[in-house]
Amino acid sequence: MNAIIIRRLIQAIPVLFIVVSLTFLLVRSAPGSPFSTEKKIPPEIIAELEKQYDLNGTILHQYRQYMGKVAHGDLGPSIRYLNRSVNEIIMQTLPVSMVLGSLAYVLALFFGITLGGLAAIRHNQLGDRFIMLLALLGISVPSFVLAPIMVMLFAIKLHLLPVAGWGSPDQIILPAICLSIPFTAAIARLTRGSLLEVLKLDFIRTARAKGLSENTVLFRHALKVAILPIIGYSGPAAAGILTGSIVIETLFGIPGIGPFFVNSALNRDPFMTSGVVLVFSSFLILFNLLADILYFVVDRRVKME
Amino acid sequence: MKPLHQFYLVVKRDTFLVACALFLLLVASLAIVGIHYTGYSYNEISDASLLEPSHAHWFGTDVNGRDLLTRTLFGARISLLVAAVGTLVSLTIGVTYGMISGYVGGRVDNIMMRVVEIIYSLPTLVLVIVMVTSLEDHVAGLLKNVGLPGNYSRMVLLFLFLGLTQWLTMARIIRGQVLVLKQQPFVQASLALGQSHARILWQHLLPNLSGIIIVYLTLTIPSIMLDESFLSFLGVGVQAPLASWGTLVSDAVFSINPIKLYWWMLIFPGGLMTLTLLALNFLGDGLRDALDPRVRK
């Protein structure tokens, strides 16, 4: 298995290489200069700035210079945020996004599995119908519609939680809940479907026949098998939370990596854009690998390729 | 069985699904035809800014005094259009890719599915942001060359790239079905009769896949719609004077303040969008339960 993990890690290198190259070349192929602003800047100054940032000469030349730096772990300077390097900005903002994202992930897993489990036990009863309706609503309401409604309700009307910001523990509650809701809903639907399948299997009848309590059957036997599709979903969920947090961070004024990324893409900052794409892609590839390993550990019938 | 007929048979059985389908039809017809009867133009600025809903303006007005009902319907038009074209793109790629992968099998299938897996593990929406922001000027130039307004460029890019992010699930499911179907005697018989592979794929396999294609088509539309509004909300989607549900909600959100809540700006476009997504998801779920052979017991 170690050999397989190492092979997968080595396979990730060309993928990351292609993604970063594509991003840098695309951003640089756009007309105009990242230094041009609303105010007219003399072309000589723009040319000088481009030279300082290694953005002069042919695109291929710039690309070689950039990839040389990336190979040494230097993601280059930021153009929009003066005097700060991309590495610095990522170091400062990524942890914020990670805290928000992991909290949302944990919430989604906990409430998703709980609600899905409850629905499965009450299959076709009122509780099941109600939870499934909520879940469908959860995957249908866009987060940027839900979040402002929650802010109007809990922050502006009821004064229970702060409207926005970052730093104190109560400021993370609303954004984390808003970020987690679509994934809570998706996990609840998956858990219910998978539990219903598993509860029909022979080993559950055996467990019940042995006289085990319903709770033991459910939590010790059924859930262990029913959890597999949720592990399978963890990769897509991580990707969804990662992109979802861009909107949530913008909405709640959270100093995470998302707003920086959107701004630099809109300003065609090649270093910041490629740097964030590199970080996001590496994170997701690693996360997917971990999910596959977990899947293999839980279900020995699966061969890891 | 013809796909549309199959669709019709499933929906007919379930009054709730009928209601969902009728609601979607209503939204679409309002967006296409009804918008001309609101008495306002979607981009007509007036002094009557930020008015609450009233007889003159059923949904109220926005910051620039534009009628919100007209703008919500115009947003519906753009959102539905992007979702429909994007879904068509994803459908074409997903079905072709899945059919080839499953039918050819072996090494080719292995490699093709590995590619799907790799794309699955990439932040595709983030890559779409990069594509849109760096290609919009190129596409605007191309559009101007053929005499179209340049501010449609982002919409064209969304058609293409949102379609390009959503074909993976379709390809996987189609491939799985083709793997099963190609073992069936009727395929062997066609081969023995000397029919070409292209003909077998097109004439024999595709009709057998139509049910499953309809199911995942219905489920792709809401996800592309959600992605489009997500990008438009972030300012990476359609550009003014065009508006979609995402840009309308973003207008509303950035006018929120503790002193005055312009709730109508959020509730009407956001609400209609949510209801549309809900109806599409209900329909997709209902169709899947009825038509997907993997769900059918």
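The values are calculated or read from the model by the stated rules, or taken from the named source; none is laboratory data. Because the structure is a prediction, the values reported are computed rather than measured. As a convention, Cβ positions derive from the backbone with ideal geometry for all residues, glycine included, and neighbour counts pool all protein chains shown. The area values use the complete protein model at the heavy-atom level, side chains included, leaving out ligands, DNA and RNA. Shrake-Rupley method; radii C 1.70, N 1.55, O 1.52, S 1.80 Å.
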### Task
With the condition kept exactly as written, say whether any residue in segment B:83-103 is touching a residue at least 12 places away in the same chain (Cβ under 8 Å), surrounded by fewer than 21 Cβ atoms within 10 Å (Cβ to Cβ), of a type in the set (Gly, Ala, Ser) and closer than 23 Å to A:Thr243 by Cα.
yes
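Rundown of residues vs (1) closer than 25 Å to B:Ala140 by Cβ; (2) more than 14 Å from chain B (Cβ to nearest Cβ); (3) in contact with a Leu (Cβ under 7 Å, 6 or more places away or on another chain), yes/no style:
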residue: A:Arg8; (1), (2), (3): no, no, yes
residue: A:Gln11; (1), (2), (3): no, no, no
residue: A:Val15; (1), (2), (3): no, no, no
residue: A:Val19; (1), (2), (3): no, no, yes
residue: A:Phe24; (1), (2), (3): yes, no, no
residue: A:Pro43; (1), (2), (3): yes, yes, no
residue: A:Gly57; (1), (2), (3): no, yes, no
residue: A:Met67; (1), (2), (3): no, yes, no
residue: A:Ala71; (1), (2), (3): no, yes, no
### Task
With the condition kept exactly as written, say whether any residue in segment B:288-296 is open to solvent by 50 Å² or more (accessible area, probe 1.4 Å) and in a helix (DSSP H, G or I).
yes
### Message
I want to confirm something. Restricting to segment A:186-195 and keeping residues that are open to solvent by less than 10 Å² (accessible area, probe 1.4 Å) and aliphatic (A, V, I, L, M), which single residue is farthest from the chain's Cα centre (by Cα)?
### Response
A:Leu195
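Go through A:Ala239, A:Ala222, A:Ala207, A:Ala291 for me and flag whichever is touching a Gly at 6+ places or on another chain (Cβ under 8 Å), part of a helix (DSSP H, G or I), among the small types (Gly, Ala, Ser) and open to solvent by less than 30 Å² (accessible area, probe 1.4 Å).
From the options A:Ala239, A:Ala222, A:Ala207, A:Ala291, the qualifying one is A:Ala291.
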### Task
Please find, within segment A:139-185, the residue that is modelled with the highest pLDDT out of those that are open to solvent by 60 Å² or more (accessible area, probe 1.4 Å) and part of a helix (DSSP H, G or I).
A:Ile177
### Query
Which residue out of A:Leu16, A:Leu26, A:Leu100 is in contact with a helix residue (DSSP H, G or I) (Cβ under 7 Å, 6 or more places away or on another chain) and assigned by TED's automatic domain parsing to the domain that holds A:Thr273?
A:Leu100
### Query
Only one of these conditions is not met by B:Asn151: (1) farther than 27 Å from B:Val215 by Cβ; (2) outside any helix (DSSP H, G or I). Which number is it?
(2)
### Task
Just one of (1) surrounded by fewer than 24 Cβ atoms within 10 Å (Cβ to Cβ); (2) in contact with a Leu (Cβ under 9 Å, 6 or more places away or on another chain); (3) small (Gly, Ala, Ser) trips up B:Ser232, so point out which.
(1)
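Restricting the search to segment B:104-135, which residues are more than 8 Å from every other protein chain (Cβ to nearest Cβ) and open to solvent by less than 70 Å² (accessible area, probe 1.4 Å)? Lay out the reasoning, then the answer.
Going residue by residue through segment B:104-135, those that are more than 8 Å from every other protein chain (Cβ to nearest Cβ) are B:104-117, B:119, B:128, B:132.
Those that are more than 8 Å from every other protein chain (Cβ to nearest Cβ) and open to solvent by less than 70 Å² (accessible area, probe 1.4 Å): B:Gly105, B:Gly106, B:Val108, B:Asp109, B:Met112, B:Met113, B:Val115, B:Val116, B:Ile119, B:Val128, B:Val132.
For every residue, the table says whether it meets (1) part of a helix (DSSP H, G or I); (2) more than 10 Å from chain A (Cβ to nearest Cβ).
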| site | (1), (2) |
| --- | --- |
| B:Ser190 | yes, yes |
| B:Tyr216 | yes, yes |
| B:Met225 | yes, no |
| B:Val236 | no, no |
| B:Leu266 | yes, no |
| B:Gly270 | yes, no |
| B:Thr274 | yes, no |
### Summary
Okay, helices (runs of 4 or more DSSP H) sitting entirely in segment A:1-98 with 3 or more residues that are closer than 18 Å to A:Ser274 by Cβ, open to solvent by 70 Å² or more (accessible area, probe 1.4 Å) and not acidic (Asp, Glu), I get A:2-29, A:59-71
### Task
Report whether or not B:Arg199 is in a helix (DSSP H, G or I) and more than 24 Å from B:Gly246 (Cα to Cα).
yes
### Message
Tell me whether segment A:93-103 contains one or more residues that are within 14 Å of A:Thr184 (Cα to Cα) and aliphatic (A, V, I, L, M).
### Response
yes
## Note on the structure
Residue count, segment A:228-268, condition facing another protein chain (nearest Cβ under 10 Å) and either over 21 Å from B:Ile118 (Cα atoms) or of a type in the set (Phe, Trp, Tyr) (or both), comes to 14
### Message
Just to be sure before I move on: is A:Phe296 at the interface with another protein chain (Cβ under 10 Å from one of its Cβ atoms) and either open to solvent by 30 Å² or more (accessible area, probe 1.4 Å) or farther than 28 Å from B:Val236 by Cα (or both) in the structure I sent?
### Response
no
### Message
Can you say whether A:Gly116 is part of a helix (DSSP H, G or I), more than 11 Å from chain B (Cβ to nearest Cβ) and either within 23 Å of B:Leu277 (Cα to Cα) or of a type in the set (A, V, I, L, M, F, W, C) (or both), as far as the supplied structure shows?
### Response
yes
### Query
Can you find a residue in segment A:127-138 that is open to solvent by 50 Å² or more (accessible area, probe 1.4 Å), within 14 Å of another protein chain (Cβ to nearest Cβ), more than 15 Å from A:Thr250 (Cα to Cα) and touching a residue at least 40 places away in the same chain (Cβ under 8 Å)?
yes
### Query
Can you pull out the residues in segment A:99-126 that are more than 29 Å from A:Thr250 (Cα to Cα) and surrounded by fewer than 19 Cβ atoms within 10 Å (Cβ to Cβ)?
A:Thr114, A:Leu118, A:Ile121, A:Arg122, A:His123, A:Asn124, A:Gln125, A:Leu126
